[in-house]
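Just below is one structure, and these are the notes that go with it.
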Amino acid sequence: MTRPSLEKGNNMQQARKPDPVDVVIVGMGASGGTAAKVLCEAGLKVVGLDRGPWLRPKEHFSGDEIKFLNRTYLWSDPRVNPRTVRMDEGETAVPTPFSMTPQMVGGGTVHWAGWLPRPRPSDFMMRTLHGDIDGASLADWPVSYDDLEPYLSKVEWAFGCAGLDGADKYEPYRSTPYPCPPLPPTRAGKRFYEACEKLGINAMPIPQALVTQPYRGRTPSNWTSFWNGYGDPTGMRSSTLTTFVPEALATGNLDLRAECYVREVTVGPDGRATGVVYIDALGREVEQEANLVVLGLGAVESARLMLLSTSRYFPDGLANSSGQVGRNATFHEYLFAVGLFDDEQPLYGFPGNYISGGSFQFYETDYDRGHIGGALIGASHVGQPVNWNFPGRPQWGSASKDADRDFYNHAMKVGHTLHDMPVESNRVDLDPEVKDAWGLPAARITHKAHPNDVRLAKWQVDKNVEILEAAGAWKTIPVYLERGRASGNTCHQHGTVRMGTDPATTVLNKWCQAHDVGNLYVLDGSSFPTATGVNPTLTIMANAWRCADYIVNTHAKGREARSTSGRPVQTLTRTSGGQRVDIDG
Amino acid sequence: MTSMADWPVVLPPAGLADARLFFTDHEWDTIDAATARILPTDHEPGAREAHVVRFIDRYLSGVEYVYAAADGSGFLQMDGKLADAWRARIADLGAIYRQGVRDLDAIALGQFGADFVALGEDEQDVVLERLSGAPKPGPVTRVDSDGNPTIQVYAFDDGLDFFELLVSHTRQGFYGDPIYGGNHDRVGWEVIGFPGPESLKATIDGTYSVREYYVQEFDWRDLIPHLRGEAGS
């Protein structure tokens with residue numbers, strides 16, 4: 001492993017070209033960290049690049065609300081990494097901090113609350129179940145829940161997950177129990193369970209990426225409640241920064257280079273990827289050659305990098321012969337309702353590790369509701385004093401002070417992330433005007449919610465309100481998806497580089513290998529044909545593990561069958577052991 | 001360039017607590033008075049007692065006090081593109097505040113014939129109503145308009161106007177960690193009943209815990225009927 005040697009930074013000459021490696025991974029977050037672990041443990045030589053810093057939890061994280069929630073210490077800075085957003089092609093996109101997933105080693109698993117629910121079998125077959133929906137581009141996944149199930153278990157056990165066996169009445173098949181029991185409920189969580197029982201709703205602790213007992217060298221030791229949006233200094237939370245990345249480093253096979261900004265995936269005269277070009281922490285341009293390129297930047301930035309990587313072979317962007325790169329983007333807008341209570345006994349607004357109980361009872365489609373899809377309902381705490389969730393709070397004056405004083409410890413929140421429909425015109429492309437701090441075009445997001453999204457959100461938020469009322473709320477405050485305009489308030493990104501069987505309509509095959517470029521894999525959420533109704537990280541990590549296994553066991557060993565298009569797919573040229581051996585596909 | 005992981009910690013200079021770093025005396029007094037109307041003093045302390053104006057003044061003074069060190073021992077000395085971005089952001093915010101004080105005075109002079117800071121509280125409220133373009137908010141009522149549009153969960157300062165910044169920064173200076181110059185003597189936390197940490201360090205080393213606020217005695221079978229195997233549960 002190397003950290004950039006910053007003391008030598010006075011002369012800005014070209015850096016010496018590093019030796020070629022087996023695999024270069026771009027983006028060391030949920031998917032990149034998982035891939036690094038699997039590939040390095042299998043003996044492949046890997047260079048891991050991340051645009052952001054490599055922070056040290058005990059040294060850099062603490063319960064500082066201003067720093068983490070208001071001054072965006074982890075959240076990607078919109079002045080460095082701007083995004084622009086518009087609702088349709090007739091508008092000029094304006095700079096908007098939309099889905100600003102942290103760009104750093106560990107990625108979105110550093111600041112997250114750790115929602116780790118499993119997807120459901122129906123998530124993988126939306127088109128089979130519902131056919132074609134007007135204005136949407138529903139598609140089945142080329143893999144099923146059963147294909148992914150062993151990897152869901154692997155991630156839960158290797159990463160650390162708390163859950164309660166047998167509590168979810170709607171749970172699909174599990175090959176393993178949960179490795180850790182759940183956290184104790186908070187008072188607000190208990191109120192949620194009681195309300196659900198009253199309404200006949202099956203509630204359960206939402207599976208969460210943390211440890212609640214000594215586990216793999218970690219201890220449950222963060223009881224500060226500075227949780228959602230904060231880095232965890234203790235290692236109680238499961239993050240690739242503190243689990244899979246160190247495990248990959250421990251093999252000796254990972255060379256992790258932080259603050260290295262990849263601006264292009266390079267393509268050789270044969271149309272294969274040859275590696276990447278990046279700008280290192282000292283501002284030097286470096287070319288890293290590799291036999292295989294893995295992208296894991298998140299669905300917005302992976303699509304952007306592919307569109308930036310134009311070449312003679314791929315004038316419209318890398319592996320984009322289908323014209324589908326960037327399209328069918330989905331973003332899981334977070335919608336919710338807050339309940340204010342007037343009980344004498346406080347519920348307390350702050351304690352807990354954000355997530356309390358939840359329910360899958362309204363997850364599957366019920367056509368009587370007037371829409372398809374459903375949601376995982378989740379109860380959560382309202383947060384710390386500055387930013388606690390109280391939409392429509394009186395902004396100033398004694399009413400504002402009273403609102404905080406009367407209700408901060410008498411509030412709870414129930415919400416869901418929206419299972420939004422894929423729409424071909426909802427996309428990521430390159431902004432023609434706005435550039436990032438490196439002078440490259442910003443990602444431009446064109447997004448307008450599908451009518452099904454608006455109806456689904458309305459029904460679910462009204463169900464959130466009903467639960468809060470059953471819990472005894474004095475007042476409920478719903479937050480709807482109005483006028484089809486999403487704010488981009490989650491880090492969930494999917495669908496811009498879809499996987500599927502048809503190279504004309506999808507970018508990746510079922511192993512998340514590009515149809516056009518046999519040595520390019522995209523392992524983040526961008527491969528998702530549909531968004532699923534659950535927080536995506538577990539599915540992203542399990543899928544990355546599955547595909548990395550394929551790289552190790554099939555691709556790297558030259559066992560790969562011919563690609564679906566009938567062209568032979570080039571396989572990995574191993575550089576390990578000092579000799580290059582071409583293995584034909 | 002120093003990597004973000006290695007930004008040095010700079011100890012706070014002597015006298016920081018009493019220093020006026022950005023505002024002129026008139027600007028200081030005006031912002032102090034305005035924040036005192038955003039979160040007023042009543043039978044409990046308000047923005048003025050929390051030293052919210054000091055919080056804002058320190059924030060606007062440059063990039064030296066944007067991020068406290070994780071353990072609160074000092075402040076991070078930023079470098080690179082993030083420091084450039086913050087310098088530009090702080091410069092923009094400073095200009096908005098400077099103009100905002102002029103606007104408060106212009107409205108005050110036009111309507112009441114004196115600077116904002118010289119007005120009585122009710123008159124100051126009228127000026128803030130003019131500035132915000134909306135009536136002063138009334139108390140929380142049980143039933144109000146139906147529904148709110150979805151918004152960002154985290155607050156960014158970019159794109160906010162002066163009044164929005166004033167409201168946002170007053171909250172931050174009242175309820176944020178005292179390391180940033182506001183929430184003096186933790187008065188903000190006391191007002192709303194938040195048992196905040198003694199120090200940032202206490203949130204790292206395990207000495208700060210709110211575990212007693214979790215439910216202590218419980219049985220999942222009581223909370224989840226399905227675990228009891230009940231029909232229809």
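Across peptide A:482-494, how many C-beta atoms of other chains are within 10 Å of each residue C-beta, on average?
2
I need to check one value: relative contact order of chain A, counting alpha carbon pairs closer than 8 Å and at least 6 residues apart, in percent.
Normalised by residue count, the contact order of chain A is 22 percent.
Go ahead and run the numbers for FRET between B:Val215 and A:Tyr173, Cβ-Cβ distance against an R0 of 51 Å, rounding to 0.05.
Once the sixth-power term is evaluated, E becomes 0.95.
Hey, how many Å between the Cα centroid of the range B:184-212 and the Cα centroid of the range B:20-42?
Each part's Cα centre sits 26 Å from the other's.
How big is the gap, in Å, between the Cα center of the range A:370-447 and the Cα center of the range A:242-280?
Taking the Cα centre of the range A:242-280 as reference, the centre of the range A:370-447 is 32 Å away.
Sort B:109-115, A:410-416, B:200-206 by packing, meaning the average of other beta carbons within 10 Å per residue, with the highest value first.
Packing order, densest peptide first, comes out as A:410-416, B:200-206, B:109-115.
For chain A, give me the percentage of DSSP beta bridges that are antiparallel, rounded to the nearest 5 percent.
70 percent
Determine the principal axes of the Cα atoms in the range A:130-227, then give the extent along each, sorted from largest to smallest and rounded to whole angstroms.
Rounded to whole Å, the extents work out to 48, 38, 27 Å.
Under a point spin-label approximation (7 Å from Cα along Cα-to-Cβ), what is the A:Thr92-A:Thr219 distance to one decimal in nm?
It is 5.8 nm.
Going by alpha carbons, how many degrees (0 to 90, nearest 10) lie between the helix axis of A:451-470 and the longest principal axis of chain A?
It is inclined by approximately 40 degrees.
Specify whether the C-alpha gyration tensor of chain B places it in the rounded, prolate or oblate class, a ≥ b ≥ c being the square roots of the eigenvalues: rounded for a/c under 1.5, otherwise prolate if a/b is larger than b/c and oblate if not.
oblate
Binning at 20 angstrom from zero up to the longest distance, how are the C-alpha pair distances of the range A:17-582 distributed in percent?
With 20 Å bins starting at 0, P(r) equals 22, 58, 19, 1.
Could you work out which residue, out of B:Pro137, B:Pro197, B:Pro13, moves most in a Gaussian network model of chain B, that is, has the largest mean-square fluctuation with Cα springs under 10 Å?
B:Pro137
When a footprinting reagent is the concern and you count Cβ atoms within 10 Å, what order do A:Ser526, B:Ser73, A:Ser62, A:Ser321 take, fewest first?
Placing the least packed residue first, the sequence is B:Ser73, A:Ser321, A:Ser62, A:Ser526.
Counting pairs of alpha carbon atoms under 8 Å apart in space and at least six apart in sequence, what relative contact order in percent does chain B give? If you can, show how the numbers build up before the last one.
Numbers: 249 pairs, mean separation 57.0, N = 233.
Relative contact order, chain B: 24 percent.
In bins 10 Å wide, starting from 0, what share of all Cα pairs of the range A:40-94 does each bin hold, as a percent?
With a bin width of 10 Å, the distribution comes to 16, 28, 26, 22, 8, 0.
Net charge near A:Gly373, counting Lys/Arg +1 and Asp/Glu -1 over other residues with Cβ under 12 Å of its Cβ?
Net charge around A:Gly373: -2.
No lab work stands behind these numbers, since they all come straight from the coordinates. On a predicted model such as this, the values are computed, not experimentally measured, just so you know. No Cβ is skipped: glycine too gets one built from the backbone with ideal geometry, and neighbour counts run over all protein chains shown.
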